[in-house]
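Visitor: Structure provided below as structure tokens; questions to follow.
The values are calculated or read from the model by the stated rules, or taken from the named source; none is laboratory data. Computed from a predicted structure; not experimentally measured. Cβ placement follows ideal geometry from the backbone for every residue including glycine, while neighbour counts extend to all protein chains displayed. When the accessible area is computed, the model is the full protein with side chains, heavy atoms only, and any ligands, DNA or RNA have been set aside. Shrake-Rupley method; radii C 1.70, N 1.55, O 1.52, S 1.80 Å.
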Amino acid sequence: MMQTALLEVKNLSFSRADRVIFRNAAFSLAPKESLGLCGPIGCGKTTLLRILTGLERPQAMTLSLEGVPVTAQRDFQRLRRKVGCVLQNPDDQLFFPEVIEDVMFGPLNLGLSYAQARTRALDVLSMLGIANLAESISFRLSGGQKRRIAIAGVIAMRPRVLILDEPTAGLDPAGCRGVLENIAAYRRETGSAVLLVTH
């Protein structure tokens, strides 16, 4: 029996001014599947992520999440609860003074109690090997640490699809390996799919 794709895109066409960025593009992500999207800077990778999360409107696209069409704004609200996106610039995802507050933010918005959100946040920080940063001030962290905190904040929401825009930028080789291993472990454990964007 064929599995229903977690996320499926068909007939995606998007142009800006006189430049065609996508023409009839299509892809799908099945449970536990990883997909890499590679391309040079400026080719439209980040634009695709903005389209998938409803921040950009393409000229044409058929999008579905777990087999259910995503068309209206309320559908994208549902999608954003199940599709976690880590942006290229981690500063865009850190809003609170302390790391633990940032990582708790998503779970609290999903309806978890304060105690449940804190436990989940600490579990994810431990999984990523950065529990020691829980009480740190976010804006004082290095770029690599901020990136890992942004990833922790998205994983804490337990998304069905994890979209990562340059997740290892600014990390040393050991940090890159650790982050990718943690993401792979999360995918195996939860059955989630991963879309990894890089140049």
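Visitor: How big is the dipole moment of region 1-153 about its Cα centre under a simple scheme where the beta carbon of each Lys and Arg is +1, that of each Asp and Glu is -1, and everything else is neutral? Debye, nearest 20, please.
Guide: So the dipole magnitude of region 1-153 works out to roughly 340 debye.
Visitor: What distance in nm separates the two pseudo spin-label positions at Arg57 and Tyr114, each 7 Å out from Cα along the beta-carbon direction?
Guide: 4.1 nm
Visitor: Enter the angle in degrees (range 0 to 90, nearest 10) between the Cα long axis of helix 173-190 and the first principal axis of the Cα atoms of the chain, meaning the one along which they spread out most.
Guide: The angle comes out near 70 degrees.
Visitor: Dividing the convex hull volume of the Cα atoms of the chain by its residue count, what figure in Å³ per residue is obtained?
Guide: So the per-residue hull volume is 128 Å³.
Visitor: Under a cut-off of 23 Å between alpha-carbon atoms, report the lysines in cross-link reach of Lys10, not counting same-chain residues fewer than 8 places apart.
Guide: Here the lysines satisfying the reach criterion relative to Lys10 are Lys32, Lys45, Lys82.
Visitor: Report the gain in length on full extension from Arg74 to Arg177: 0.36 nm times residue separation, minus Cα-Cα distance, nm rounded to one decimal.
Guide: Between Arg74 and Arg177, full extension yields 33.4 nm more.
Visitor: Then there is this: Modelled label-to-label distance, Ala184 and Arg50, 7 Å Cα→beta-carbon offset: nm?
Guide: Simple spin-label model gives 3.3 nm for this pair.
Visitor: Another question, then. With unit charges on the beta carbon (Lys/Arg positive, Asp/Glu negative), name the residue among Pro69, Ser136, Leu108 whose Cα is farthest towards the positive pole of the charge dipole of region 34-157.
Guide: Of the listed residues, the answer is Pro69.
Visitor: Mean residue ellipticity at 222 nm from the helices of the chain, using -39,500 (n - 2.57) per DSSP H segment of n ≥ 4 over the full residue count, to the nearest 500 deg cm²/dmol?
Guide: -11500 deg cm²/dmol
Visitor: Separation of region 10-54 and region 123-170 by C-alpha centroid, Å?
Guide: When both Cα centres are located, 24 Å separates them.
Visitor: Still on this structure, I have one more. Give me the 1.4 Å probe accessible area per residue for region 44-199, excluding ligands and nucleic acids, in Å².
Guide: It amounts to 46 Å² per residue over region 44-199.
Visitor: If you count the DSSP beta bridges with both ends in the chain, what percent of them are antiparallel, to the nearest 5?
Guide: Taking every DSSP beta bridge within the chain, about 50 percent pair in antiparallel fashion.
Visitor: If you don't mind, another one. Using a Gaussian network model of the chain with C-alpha springs under 10 Å, which one of Leu48, Leu110, Leu65 is most mobile by mean-square fluctuation?
Guide: Result for the chain, Cα springs under 10 Å: Leu110 fluctuates most.
Visitor: For Ser136 and Glu98, compute 0.36 nm times the residue count separating them, minus their Cα-Cα distance, and round to one decimal in nm.
Guide: Additional length available on full extension: 13.1 nm.
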